[in-house]
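Participant: Here it is, the structure in full.
The values are calculated or read from the model by the stated rules, or taken from the named source; none is laboratory data. Small disclaimer: the values here were computed from a predicted structure and weren't measured. No Cβ is skipped: glycine too gets one built from the backbone with ideal geometry, and neighbour counts run over all protein chains shown. Accessible surface is based on the protein model in full, side chains and every heavy atom, while ligands, DNA and RNA are left aside. Shrake-Rupley method; radii C 1.70, N 1.55, O 1.52, S 1.80 Å.
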Amino acid sequence: MRASPTSFHWHRRVWRLAWPIVLSNLSIPLVGAVDTAVVGHLPDPSFIGAVALGAVIFSFLFWGFGFLRMGTTGFIAQAHGRGDSGEIVATTFRALLLALLLGAGVILVQKPVAILAFWALEGGAHLEGLAAQYFQIRVWSAPATLVNYTVLGVLIGLQRTGTALMLQLLLNGCNIALDLVFVVGFAWGVEGVALASLTADWLAAIAGAAVLTRLMPRREFAVDRKRLLAPDRMWALLRVNANIMVRTLCLIFAFFYFTAQGTRLGEQTLAANAVLMHMQHFLAYGLDGFAHAAEALAGGAFGAGRLRQFRSAVRATTLWATVVAVGYALVYATFGDAIVSLMTDIEPVRQRANEFLHWLVVLPLLSVWSFQLDGIFIGATRTTEMRNGMIISLAVYLSGAWVLVPLLGNHGLWLALSVFMISRAVTLALWYPRIERELDL
């Protein structure tokens, strides 16, 4: 049976939207690698630990504000699908205003945040002193980072992922270049790494604001203040973002718990899990491109009230996400040992990682469904279901780990994580028909 021209049209749209996001996502780990490399050649080995410690703090802190990207994408995609240029502009301004207010809030509460973070991580006096230098500089990037999240959300919602790629490459490219200038050239150490990130974030935010200025329809650019601050639209934005924030915090806690449980199973197991988790993150970065495509295409169809187009977007994005997930599974099955060896040459850690490598072969096939459903629900701004599904899945995961880890050790921990991925998909799949019923009315 030959595919129809319509189906080819959808497949082209999926790849046009997905490949820039995949490419930009894969550039993110490169920044961390360069950060580590430039301080790795400094005389004090604690510089590496200080940068890693500071980066972990900001990863968790900023990841918690990821709702600015996801919530914005859903609203923009729906307005774009309806052809409502006025709401696109108003939503953009609302999200940017919220990003700036939250970023300023992070700066205002930086002292208690730092105290809490260093208390939780317990890195030792010398290490924490160096990490504090990193923190005190990097924290001033908070407004810019959150603006960048918002700009990315707007661009994905408008299906301008090529532009999003350019901005991400600008951000990450500047970060890498300034790392080399500030640390290798000027010998500024940990402070140089932080200053590189700070400068790159603000440059990208300014460039993103300029891009949005050019993309916004001129006739709508003078936003009506009443429309911008309309109570029902502001409440909708806050409600959606609050739900996504709860969902994201649950996800953060799930992976934090995974790491915490790994520490109780010995240093070699902890190190092996860290290596394998990098491979899982690499998987997530790849599949996220298709989830983002689902946000834009399914969200646009949902906003336009077109059930047939909505189903076509869901089918096409899920098909290609599944194909890529199978590709990941085959790569990890065939070359997993070589990938582990590239990441560590410590033989006991490598052997320990290979004991659990088969979980990385299975996880792409288990994870793809939850990633795709996340994208569909974000596009439809059905974040209450996302929040509730994540809470249920976290409870299932913690219960599973509590039973399985004492019985099976680290295999039990990976099994619990696999159950977590399945539970995320099952809960959202059970609620998915509600979206189609709403479009079918």
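Participant: Sum up the charges of everything whose Cβ sits under 12 Å from the Cβ of Tyr432, counting Lys and Arg as +1 and Asp and Glu as -1, but leave Tyr432 out.
Facilitator: Neighbour charge sum, excluding Tyr432 itself: 0.
Participant: Something else about it: Apply 1/(1 + (r/R0)^6) to the Cβ-Cβ distance of Leu319 and Ala429, taking R0 = 22 Å, and write down the FRET efficiency to the nearest 0.05. List each step's numbers first, then the result.
Facilitator: Values: r = 16 Å, r/R0 = 0.74.
The calculated FRET efficiency here is 0.85.
Participant: Something else now. Along Cα→Cβ, 7 Å out, is where each label goes; now give me the distance between the ones at Ile107 and Met277 in nm to one decimal.
Facilitator: Label-label distance for Ile107 and Met277, simple model: 3.2 nm.
Participant: Something else about it: Mind listing the Cα extents of region 156-301 along all three principal axes, in Å, largest one first?
Facilitator: If we take the Cα atoms of region 156-301, the spans are 60, 40, 27 Å.
Participant: Over all directions, average the projected area of the Cα convex hull of the chain and note it in nm².
Facilitator: That works out to 22.3 nm², a quarter of the Cα hull's surface.
Participant: May I ask for the Rg/Rh ratio of region 159-207, computed from Cα atoms with Rh as the Kirkwood radius, given to two decimals?
Facilitator: With Rg and the Kirkwood Rh in hand, the quotient comes to 1.09.
Participant: For labels at Ala242 and Ala230 in the simple 7 Å Cα→Cβ model, what's the distance in nm?
Facilitator: Going by the 7 Å Cα→Cβ label model, 2.0 nm.
Participant: Charges only on Cβ, +1 for Lys and Arg, -1 for Asp and Glu: so what's the dipole of region 280-394 about the Cα centre, in debye to the nearest 20?
Facilitator: 640
Participant: How much mean residue ellipticity at 222 nm does the chain get from its helices, if each DSSP H run of length 4 or more adds -39500 (n - 2.57) and you divide by all residues, to the nearest 500 deg cm²/dmol? Present the calculation step by step, with values, prior to reporting the outcome.
Facilitator: Values: 18 runs with 382 residues, N = 441.
Calculated mean residue ellipticity at 222 nm is -30000 deg cm²/dmol.
Participant: In terms of solvent-accessible area of protein heavy atoms at a 1.4 angstrom probe, what is the ranking of Leu158, Leu101, highest value first?
Facilitator: The most accessible residue leads, giving Leu101, Leu158.
Participant: Shifting gears a bit: The chain: longest stretch without exposed trypsin sites (Lys or Arg not before Pro) (DSSP loop, at most 14 other Cβ within 10 Å), sites themselves excluded?
Facilitator: 3-263
Participant: Counting pairs of Cα atoms in region 291-441, how many percent are more than 24 Å apart?
Facilitator: Counting every Cα pair in region 291-441, those more than 24 Å apart make up 44 percent.
Participant: Moving on. When a/c is below 1.5 the answer is rounded, else prolate if a/b is larger than b/c, else oblate, so apply that to region 338-408 with a ≥ b ≥ c taken from the square roots of the Cα gyration tensor eigenvalues.
Facilitator: oblate
Participant: If every alpha-carbon in region 90-216 counts as one equal scatterer, what log10 I(q)/I(0) does Debye give at q = 0.22, 0.23 1/Å?
Facilitator: Listed by q, the Debye log ratios stand at -1.20, -1.24.
Participant: I'd like the Karplus ³J(HN,Hα) series for region 411-422: coefficients 6.51, -1.76, 1.60, θ = phi - 60°, whole numbers in Hz, and an x wherever there's a Gly or Pro.
Facilitator: Karplus values, whole Hz, x for Gly and Pro: 4, x, 5, 5, 5, 4, 5, 5, 5, 4, 5, 5.
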